[in-house]
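Participant: Sharing a structure, written as C-alpha cells. Questions coming.
Bear in mind these aren't lab numbers, they're just calculated from the coordinates by the rules spelled out. This one's a predicted model, so the numbers in the text were calculated from it and none came from an experiment. In this analysis, Cβ positions are derived from the backbone assuming ideal geometry, glycine residues included, and neighbour counts consider all displayed protein chains.
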Amino acid sequence: MKNMIAICTVLFLIGCAKLDNNTSTPNVSTADASSITSYTVITGGNIISNGGLDITAKGVVWSTINNPTIMLSTKTNEGPGSAMFTSTITGLTANTKYFIRAYAINTKGISYGNEISFTTRPIDFGQVTSATGKIWMDRNLGASRVATSSTDTSAYGDLYQWGRGNDLHQLRKSATSTTLSATDVPGNANFILTSSAPNDWRAPQNVNLWQGVNGTNNPCPTGYRIPTEAEWNAEIASWTTKNTDGAFASPLKLTMAGSREATITNTGVNGSYWSSTISGEGARYLYFGNAGSYTLTHNRSYGGSIRCIKD
C-alpha cells in the first residue's frame, strides 16, 4: 500500500512538472498605427497565446529610440485578460518618428510584440502678425489649439529645458533623471534635474543650441526659431497692459502655462517663455503674471514654454 502511494505521488509530481513545462511567457503582436495626428495615434495588440497562464497586464510602450521596454514611463496599461486591446496614445511631439511595441505579462514573465514605427504629422498651426510686425506661430509648441483664455489647458503646450530639442523630455508627464548629459542630444526622454552650478542639463555647457533656425536643437518648425530677448521686450512694449491680461489680449494670445523644475508649478498663475539669448550660465526668458511682465534670467535646466517666431 505504501509503495502504491509513493508511486502515485511520483506520478503526480511528474504530471505537475510537465504542466509547468508547458507554460511560458505570452505571445503578443503589435497592431498597426492608425489615426495618426501631430500629437496622437491609435495602436494596440493581440494576445496570440497567454502561455498557459493568466495575463496580468498588457499594453503598448513607445519611444523615439527603438526597442522600447516597460521600464519607460511612456506606456499604457490596458489591464489583465487575453482579449485584443486598443491603446490611444496622446501627448506626442509633431513630425517625430516613434517606435512602438505591444507587451503582455503573466507569472512567467513579460513578452513584447513586433516593433512598428510611424511619424507624427507636422504641426498643424497657423501664424499671426504681432503689433511689432513680426510673424509668430499662433500657439505654443505642443499645444493642440489657439488659446481661448489665458488658462486654456489645451493651449499650454510643452515645457522645454533651454537648448534641448524634441526628444520628449518636454512632455509634462516625462520622467526625471539626475544624470547630466555630456552631449547635445541626451538620447533619452528624461527631464534632467540638477541642484548644483551651473544648473544646466548639459555638462559642459553649450551656448549654441538654440541660435537661429540652424541651431543644433532648434525645436521649431522649418523656417521658425526661438525669439531673442529683444524681440520679447518689443512685444511687451506693444501690450495694452504689461501683465497677463496684456499677454493674452495681444495677437499671440499667450497663456499662463506654468513652468517646471523638480515639479510643474504655477499653471494658471504665470507664463514663462524662453528666448535664445544667453546670460552668463543661464538664459533669458519672458515672465508675466497678474502683477507685471519682464525678461529675466533662469538656469538652463528650467522648463519653460516656447513660442516660435518666423525667421
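Participant: Roughly how many nanometres apart are two label points built 7 Å out from the Cα toward the Cβ at L296 and T69?
Facilitator: Distance between the two pseudo-spin positions: 4.1 nm.
Participant: On to the next question. Output ³J(HN,Hα) for region 76-93: one whole-Hz value per residue in order, computed from phi by the Karplus curve 6.51 cos²θ - 1.76 cosθ + 1.60 with θ = phi - 60°, and x for Gly and Pro.
Facilitator: Once rounded to whole Hz, the list reads 10, 10, 9, x, x, x, 9, 6, 4, 9, 10, 10, 9, 9, 10, x, 7, 9.
Participant: May I ask for the net charge around G280, where only other residues with Cβ less than 12 Å from the Cβ of G280 are counted and Lys, Arg are +1 while Asp, Glu are -1?
Facilitator: So the surrounding residues net to 0.
Participant: Which far-off residues, 5 or more places away or on another chain, put their amide H under 5 Å from the one on T37, with H placed in the peptide plane?
Facilitator: R121
Participant: Top mean-square fluctuation among P204, P68, P186, Gaussian network model of the chain, C-alpha springs under 10 Å?
Facilitator: Among P204, P68, P186, the largest mean-square fluctuation in the Gaussian network model of the chain belongs to P204.
Participant: With just the Cα atoms of region 48-94, tell me how far they stretch along each of the three principal axes, in Å, largest first.
Facilitator: 39, 19, 16
Participant: Right, another one. Semi-axes of the equivalent ellipsoid of region 23-119: what are they in whole Å, largest first, if each equals the square root of 5 times a C-alpha gyration tensor eigenvalue?
Facilitator: Semi-axes from the Cα gyration tensor: 24, 12, 10 Å.
Participant: Related question: So how far apart, in nm, are the two label points at T151 and E115 if each is 7 Å from Cα heading toward Cβ?
Facilitator: Inter-label distance under the simple model: 4.4 nm.
Participant: Once phi is turned into ³J(HN,Hα) by the Karplus curve 6.51 cos²θ - 1.76 cosθ + 1.60 with θ = phi - 60°, what whole-Hz value does each residue of region 226-233 show in order, with x for glycine and proline?
Facilitator: For region 226-233, the Karplus curve yields 6, x, 7, 4, 4, 5, 5, 4 Hz.
Participant: Compute the convex hull volume of the Cα atoms of the chain, divide it by the residue count, and report the result per residue in Å³ as a whole number.
Facilitator: Spelled out: Cα convex hull of the chain, divided by residues, is 157 Å³.
Participant: Taking θ as phi - 60°, what are the ³J(HN,Hα) couplings along region 260-275 by the Karplus curve (6.51, -1.76, 1.60), each to the nearest whole Hz, with x for Gly and Pro?
Facilitator: My calculation for region 260-275 gives 9, 10, 5, 9, 7, 9, 6, 5, x, 10, 8, x, 9, 10, 5, 10 Hz in order.
Participant: Using helices alone, what [θ] at 222 nm do you get for the chain, with -39,500 (n - 2.57) per DSSP H run of 4 or more residues, divided over all residues and rounded to the nearest 500?
Facilitator: Helices in the chain give a 222 nm mean residue ellipticity of -3500 deg cm²/dmol.
Participant: Follow-up question, since we're still on this one. By average Cβ neighbour count within 10 Å, what is the ranking of 281-288, 190-197, 265-272 from highest down? Intermediate results must be reported in sequence, preceding the final value.
Facilitator: Working: 281-288: 21.6, 190-197: 15.9, 265-272: 18.5.
Ranked from most to least packed, the peptides come out as 281-288, 265-272, 190-197.
Participant: Continuing with this model, one more query. Could you please report the charge total around N114, scoring K, R as +1 and D, E as -1 over all other residues with beta-carbon less than 13 angstrom from its beta-carbon?
Facilitator: Every neighbour counted, the sum reads -1.
Participant: Quick one: length gained pulling N77 to F99 fully straight, 0.36 nm per residue minus the C-alpha distance? Can you show the working numbers first?
Facilitator: Details: separation 22, 0.36 × 22 = 7.92 nm, distance 1.71 nm.
In short, 6.2 nm is gained.
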